[in-house]
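The values are calculated or read from the model by the stated rules, or taken from the named source; none is laboratory data. Remember, predicted model here, so these are calculated numbers, not experimental data. Cβ atoms come from the backbone with ideal geometry, glycine included; neighbour counts cover every protein chain shown. Accessible surface areas use protein heavy atoms only, side chains included; no ligands, DNA or RNA. Shrake-Rupley method; radii C 1.70, N 1.55, O 1.52, S 1.80 Å.
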Amino acid sequence: MILLTIAQILDLLISVVVTLVIVQFVLGLLIAFNVVNMSNQFVSAIWTALNALLQPLLAPIRRIMPNTGAIDFSPLVLIIGLQILQIIVGNLARAM
């Protein structure tokens, strides 16, 4: 019972992190294509907060991955890794 509760909490946290990664990706595209401007304080605050939250998770992945030029695949690797963790923990909780 406790393991199932922990698995559900971890599932929620993983969903939040995946959502933050997607929001950071979309906002990065909007900034890159000059749809939104970083001189806007609201956009700048959101961008800074997202980077502060996700940098500790993405930095180790970026150090391990080879340099691919302008394309950063570390958010994709993070999402895949989190989904794998979610599957493993869910299956372990159901097996107990």
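Test of understanding: extend the Cα→C-beta vector of LEU92 to 7 Å, then name every residue of the stretch 1-19 with backbone N under 18 Å from that spot. Counting only backbone N, you get 1-15.
Backbone geometry of the stretch 30-39 corresponds, through the Karplus equation with coefficients 6.51, -1.76 and 1.60 at θ = phi - 60°, to 3J(HN,Hα) couplings of 5, 5, 5, 8, 6, 7, 10, 10, 6, 6 Hz, x marking Gly and Pro. Taking all Cα pairs closer than 8 Å and separated by 6 or more residues, the relative contact order of the chain comes to 46 percent. Enumerate the amide H contacts of ASP72 below 5 Å, restricted to partners 5 or more residues apart or on another chain; note that Pro and chain-start residues carry no placed amide H. Those lying under 5 Å, H to H, from ASP72: there are none. Per atom type, the chain shows carbon and sulfur on 74% of its accessible surface, probed at 1.4 Å. Working note: Karplus 6.51/-1.76/1.60 with θ = phi - 60° gives the stretch 8-14 the couplings 5, 5, 5, 4, 5, 5, 5 Hz, where Gly and Pro are set to x. With all protein chains kept in place, the per residue accessible area of the chain amounts to 71 square angstrom at a probe of 1.4 angstrom. Close amide-amide hydrogen proximity is noted between VAL36 and ILE31, each under 5 Å apart and 5 or more residues distant or on a separate chain (H modeled in the peptide plane; Pro and chain starts excluded).
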